[in-house]
Amino acid sequence: ELKEIVFVIQSQSNSFHSKRAEDLKKDILKQAADLGKELPTVLLIHQMDSHEGAWTILPLMKDFSVTYGRNSSWIFFCEEDTRIQVVKLLETLGRFDGSKEWFLGKALYDEESTIIHHYAFAENPTVFKFPDFAAGWALSIPLVHKLAKKLKSEPLKSDFTIDLKHEIALYIWQKGEGPHLTPVPEFCTDDVSSYKVDHCATTYSNFLPLCGEPVKKEAVFIAVKTCQKFHGDRIPVVKQTWEREAALIEYYSDYADISIPTIDLGIPNTDRGHCGKTFAILERFLNHSSPRTPWLVIVDDDTLISIFRLRKLLSCYDPNEPVFLGERYGYGLGTGGYSYITGGGGMVFSRIAVQKLLASKCRCYSMDAPDDMVLGMCFSGLGIPITHSPLFHQARPIDYPKGYLSHQIPISFHKHWNIDPVKVYFTWLAPNTEESLNGKKVGYNREDL
């Protein structure tokens, strides 16, 4: 029965995202009403719990077990852009015996072991499957009970949440001694308009959001963090690739080099974190850039980014809200902790977010503290939620499953390690996949990378 499914939308409190999640909730309830069925429960994660770690799902298992354990058969999780055919979903879940432990989803796997998964299953990473959240995924209630019991006796110890979908699958299988993921072909990430979706219970609106005109080039100020030792190899890559997309860009270093040019902020370079440098950049943006420039982006010198796509994405956000946007990681979320935007994929701030941060007393506890984590801690203390976008990436294309990237129009990747960064930019991020480089037409095949 439909009333036995609890739908959980992995929503966010930012106004753009919460509206999308509300629209999906309305759609699910309308489909249920049109069927004449008793309405299911539809939950929005950002409304469920003041607990900072609600988005990591596992801390909610106890609540799910207690509140829905008696009258429900399945907890079905989806993203705000997942589209659900309720009748097909009912048929699909009906194939599985809900009195047994099931973990269902669209299976992803690593082709090579990768740093973002701590080089798990190094001998053969393809053996371990984890769910693509975009397609939706489901847990049977007996498995929810089991996980809740396990988490009660053995609270989460993990310090970092880096790739939630992989970490949840690993926890369910190993720590929860539960089942491996069972792949379900009806959980799809094809676009709803694709000819392939006739059999699908879920689809995914796999596009880059655009809410009106892209923001103007002059609305986005780009700050590149660099240091003298990388002037010769990393900065030329930026100049060869995405610099031309930026109207306002400055390079901040520990050495003023007029050929680039770089600006020395008077902060010595550190081998560890760059908190001192990042806060100096925030102060400079607030005090020296035009108040008519609503957006600041801070990137590393080995970040590859599409400013063209970022301007489209930013059309969906209200610059009058405190926005802190990028790829979300978590620290210590099992025990309070905080979420943060990981720096390598790019950190995007609305001017008002920078104003609120600098008006507070929150600062670096040391000059070489990790800047992205300190910012997460500060914004958490201010009650300003961070906003996650899966289109920013802390690692290289080869560090992600092909199936995961296949339904994305990415905004950034990070690191030049063992890749040709220029090739990666023109393959994945250039305004057109074929761009003119030194007067020559170049086009690369994503499969090669």
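The values are calculated or read from the model by the stated rules, or taken from the named source; none is laboratory data. This structure is a prediction, so every number in the text was calculated from the model and none was measured. Neighbour counts are summed over all protein chains in view; Cβ atoms, including those assigned to glycine, are modelled from backbone coordinates with ideal geometry. Quick note on the areas: whole protein, heavy atoms, side chains included, nothing else; ligands and nucleic acids left out. Shrake-Rupley method; radii C 1.70, N 1.55, O 1.52, S 1.80 Å.
Answer with yes or no whether Tyr340 is surrounded by 20 or more Cβ atoms within 10 Å (Cβ to Cβ), closer than 30 Å to Val197 by Cβ, outside the structural domain of Glu52 (by the TED database) and out of contact with any Cys (no Cβ under 7 Å at 6 or more places or on another chain). No: the conditions fail for Tyr340.
Of the strands (runs of 3 or more DSSP E) that lie entirely inside region 218-318, those containing 1 or more residues that are crowded, with 23+ Cβ neighbours inside 10 Å span 220-225, 248-253, 295-300, 303-305. So, of the residues in region 319-330 that are surrounded by fewer than 20 Cβ atoms within 10 Å (Cβ to Cβ) and in contact with a strand residue (DSSP E or B) (Cβ under 7 Å, 6 or more places away or on another chain), which turns out to be farthest from Leu375 (Cα to Cα)? Among those residues, the one meeting the criterion is Pro319.
For region 8-43, filtering for residues that are closer than 19 Å to Val323 by Cβ and either in contact (Cβ under 8 Å) with a residue 40 or more places away in the chain or not in a helix (DSSP H, G or I) (or both) leaves 10. For region 156-186, filtered to residues that are assigned to a helix (DSSP H, G or I) and among the β-branched types (Val, Ile, Thr), the residue that is farthest from Phe96 (Cα to Cα) is Ile168.
In contact with a Lys or Arg (Cβ under 9 Å, 6 or more places away or on another chain), closer than 18 Å to Tyr109 by Cα and among the charged types (D, E, K, R), is that true of Asp132? Considered against the rule, which asks whether it is in contact with a Lys or Arg (Cβ under 9 Å, 6 or more places away or on another chain), closer than 18 Å to Tyr109 by Cα and among the charged types (D, E, K, R), Asp132 comes out as yes. When Thr182, Thr114, Thr202 are checked against the criterion of being among the β-branched types (Val, Ile, Thr), open to solvent by less than 20 Å² (accessible area, probe 1.4 Å) and either in contact with a Ser or Thr (Cβ under 7 Å, 6 or more places away or on another chain) or modelled with pLDDT of 95 or more (or both), a single residue qualifies: Thr202. Entry remark, region 391-428: residues being hydrophobic (A, V, I, L, M, F, W, C), farther than 23 Å from His118 by Cβ and either in the same structural domain as Glu112 (by the TED database) or surrounded by fewer than 17 Cβ atoms within 10 Å (Cβ to Cβ) (or both) number 1 in total. Only one entry in Asp49, Asp97 is modelled with pLDDT of 95 or more, open to solvent by 30 Å² or more (accessible area, probe 1.4 Å), more than 26 Å from Ser205 (Cα to Cα) and charged (D, E, K, R), namely Asp97. All of Ala395, Ala353 fail the test of being assigned to a helix (DSSP H, G or I) and either modelled with pLDDT of 95 or more or touching a helix residue (DSSP H, G or I) at 6+ places or on another chain (Cβ under 7 Å) (or both), apart from Ala353. Flag: Cys378 matches the condition of being outside any loop (DSSP other than H, G, I, E, B) and free of Cβ contacts under 8 Å to residues at least 24 places away in the same chain. Of the residues screened, Ser194 is not one that is more than 29 Å from Lys19 (Cα to Cα) and surrounded by fewer than 16 Cβ atoms within 10 Å (Cβ to Cβ).
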